[in-house]
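K.L.:
Quick one: structure below, then a few questions.
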Amino acid sequence: MITVLYFARLRETLGTGSERIALPATVHDVEGVRALLIARGGEWKKVLAPGSPVRAAVNQAVAAGDTPVADGDEVAFFPPVTGG
Amino acid sequence: MTVRIQTADFDVSAEIAALRRGRPAIGAVASFVGVVRDVNEGSAVAGMTLEHYPGMTEKAIEEIVSQAQARWSVLDTLVIHRVGRLNPADQIVLVAVASAHRGDAFAACEFIMDYLKTRAPFWKKEETGGGARWVEARASDDVAAGRWRLKG
């Protein structure tokens with residue numbers, strides 16, 4: 001299982017801030033997790049689609065598409081940051 | 001190094017006094033205070049809500065401060081960032097840098113603020129006449145953070 005977190009616009013659009021999902025044996029990185037979520041269709045497909053302004057983190061560190069994801073990890077998806 | 005994420009307001013004078021207390025080597029303190037504007041991109045703003053990623057936000061700011069400390073001669077730093085609902089004219093963020101001389105304090109303070117804008121996970125949702133909207137990231141903030149790569 002991995003924990004997947006969503007923040008800001010993604011959290012609101014998807015209607016959830018956190019979920020636990022089983023990591024299929026074929027998924028090894030952030031891009032794989034993203035594809036898994038996009039396959040749900042609907043809003044998931046819209047907000048996570050390739051080219052949409054989404055950033056990711058693995059275990060609270062900024063991640064790229066090829067950043068490895070393993071069982072027990074915390075993966076987060078969120079929009080570009082707007083603090084300060 | 002102190003990094004605090006909080007809903008409560010902060011007192012700049014008291015925070016800087018605490019930063020300086022018992023540190024006679026400090027010769028300069030540069031501070032920046034970010035404030036909620038009542039207008040953004042042409043719309044009146046009645047208030048905003050700031051969201052963060054507990055854990056990652058603190059780590060990201062600590063990393064930015066560490067980079068500043070590696071680049072400039074800094075004696076201590078304080079970053080306070082508020083989250084939750086804020087009104088126009090409310091303080092959002094304080095960055096204070098103490099050093100022996102002003103050059104290091106000015107530069108490190110601006111560096112920390114520029115990187116905070118583009119690297120620290122915070123998101124603003126503004127309340128305007130047309131409803132609430134998530135603020136989009138600005139390309140100019142990336143430019144501001146990017147210019148630090150040109151040096152040294």
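K.L.:
Counting only DSSP beta bridges with both residues in chain A, what percent are antiparallel, rounded to the nearest 5?
P.N.:
So the antiparallel bridges in chain A amount to around 75 percent.
K.L.:
How much of the DSSP bridge set in the protein assembly as shown is antiparallel, in percent, rounded to the nearest 5? Working shown, then result.
P.N.:
On the way: 42 of 51 bridges.
Here the antiparallel bridges make up roughly 80 percent for the protein assembly as shown.
K.L.:
For chain B, set up a GNM with springs between Cα atoms under 10 Å and report which of B:31, B:140, B:66 has the largest fluctuation.
P.N.:
Its mean-square fluctuation being the largest, the pick is B:140.
K.L.:
What percent do you get for the relative contact order of chain B when only Cα pairs under 8 Å and 6+ apart count?
P.N.:
Answer for chain B is 33 percent.
K.L.:
Filter the trypsin sites (Lys or Arg not before Pro) in the stretch B:8-37 down to the DSSP loop ones having no more than 13 other Cβ atoms within 10 Å, then list what survives.
P.N.:
Taking the stretch B:8-37 and a limit of 13 other Cβ atoms within 10 Å, the loop trypsin sites (Lys or Arg not before Pro) found are B:21, B:37.
K.L.:
DSSP beta bridges in the stretch B:6-148, what fraction antiparallel, as a percent rounded to 5? Please report the intermediate quantities before stating the final value.
P.N.:
Working: 30 of 31 bridges.
Of the beta bridges lying entirely in the stretch B:6-148, close to 95 percent run antiparallel.
K.L.:
When a/c is below 1.5 the answer is rounded, else prolate if a/b is larger than b/c, else oblate, so apply that to chain B with a ≥ b ≥ c taken from the square roots of the Cα gyration tensor eigenvalues. Working shown, then result.
P.N.:
Details: a/c = 2.09, a/b = 1.56, b/c = 1.34.
Cα axes put chain B in the prolate bin.
K.L.:
Moving on. Just the accessible area for residue B:81, please: 1.4 Å probe, Å², rounded to the nearest 10?
P.N.:
About 0 Å², ignoring ligands and nucleic acids.
K.L.:
Across chain B, where is the longest run that never hits GluC sites (Glu not before Pro) in a DSSP loop with at most 16 other C-beta atoms within 10 Å?
P.N.:
No qualifying site falls inside B:42-135, the longest such stretch.
K.L.:
In percent, what relative contact order does the stretch A:3-84 have, based on Cα pairs under 8 Å that are 6 or more apart in sequence?
P.N.:
Result for the stretch A:3-84 is 39 percent.
K.L.:
Is it possible to state the helix-based mean residue ellipticity at 222 nm for the protein assembly as shown, with each DSSP H run of 4+ residues giving -39500 (n - 2.57), the sum divided by total residues, to the nearest 500 deg cm²/dmol? What is it?
P.N.:
The helix contribution divided over the protein assembly as shown gives -9500 deg cm²/dmol.
K.L.:
Please state the shape class of the protein assembly as shown: rounded when a/c is under 1.5, otherwise prolate if a/b exceeds b/c and oblate if not, all from the C-alpha gyration tensor. Kindly include the intermediate steps, with their values, before the conclusion.
P.N.:
Numbers: a/c = 2.23, a/b = 1.55, b/c = 1.43.
In terms of gyration-tensor shape, prolate.
K.L.:
Relative contact order (percent) for the stretch B:62-147, with alpha-carbon contacts under 8 angstrom and 6 or more residues of separation?
P.N.:
24
K.L.:
Within 10 Å of each candidate Cβ there may be at most 16 other Cβ atoms; applying that plus a DSSP loop requirement, which trypsin sites (Lys or Arg not before Pro) in the stretch A:35-79 survive?
P.N.:
Filter output for the stretch A:35-79: A:40.
The values are calculated or read from the model by the stated rules, or taken from the named source; none is laboratory data. Here the structure is a predicted model, which is why all the values come from computation and not from measurement. Every residue, glycine among them, receives a Cβ derived from its backbone with ideal geometry; neighbour counts consider all protein chains shown. The area values use the complete protein model at the heavy-atom level, side chains included, leaving out ligands, DNA and RNA. Shrake-Rupley method; radii C 1.70, N 1.55, O 1.52, S 1.80 Å.
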